[in-house]
């Protein structure tokens, strides 16, 4: 029998977010998130074929948002612009 991640003292990973959830979090259209993921402007995961949907790790999105905020503050811009 194989041990699960929680059996070896690690916490279970958080569920992945979909495009709509990230779009809501960022306050942008879903197509904008897809385009950003396609251009690798936002951290994403894509499983399987070319037509499979993008998925996002919440921790990666939070870290990316913090980096965007740091960069925009340094340049006097709003986050995400």
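The values are calculated or read from the model by the stated rules, or taken from the named source; none is laboratory data. From a predicted model like this one, the values you see are computed outputs, not experimental measurements. Cβ: placed from backbone, ideal geometry, glycine included. Neighbour counts: every protein chain shown.
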Flag for residue 28 being in contact with a helix residue (DSSP H, G or I) (Cβ under 9 Å, 6 or more places away or on another chain), modelled with pLDDT of 95 or more and part of a helix (DSSP H, G or I): no
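I'm trying to understand the selection: among the residues of segment 54-72, which are loosely packed, with under 13 Cβ neighbours inside 10 Å and within 14 Å of residue 16 (Cβ to Cβ)? Spell out the reasoning first.
Taking segment 54-72 first, the residues loosely packed, with under 13 Cβ neighbours inside 10 Å are 59, 62-63, 66-67, 70-71.
Residues satisfying the conditions are 59, 62.
Just checking, does segment 59-68 include any residue being in contact (Cβ under 8 Å) with a residue 40 or more places away in the chain, outside any loop (DSSP other than H, G, I, E, B) and in contact with a helix residue (DSSP H, G or I) (Cβ under 9 Å, 6 or more places away or on another chain)? Break it down into steps so the answer makes sense when it comes.
Quick first cut of segment 59-68, residues in contact (Cβ under 8 Å) with a residue 40 or more places away in the chain only: 59, 61.
Within this subset, residues satisfying the condition of being outside any loop (DSSP other than H, G, I, E, B) are 59, 61.
In the following step, the residues that additionally are in contact with a helix residue (DSSP H, G or I) (Cβ under 9 Å, 6 or more places away or on another chain) were identified as 61.
Within segment 59-68, one or more residues are in contact (Cβ under 8 Å) with a residue 40 or more places away in the chain, outside any loop (DSSP other than H, G, I, E, B) and in contact with a helix residue (DSSP H, G or I) (Cβ under 9 Å, 6 or more places away or on another chain).
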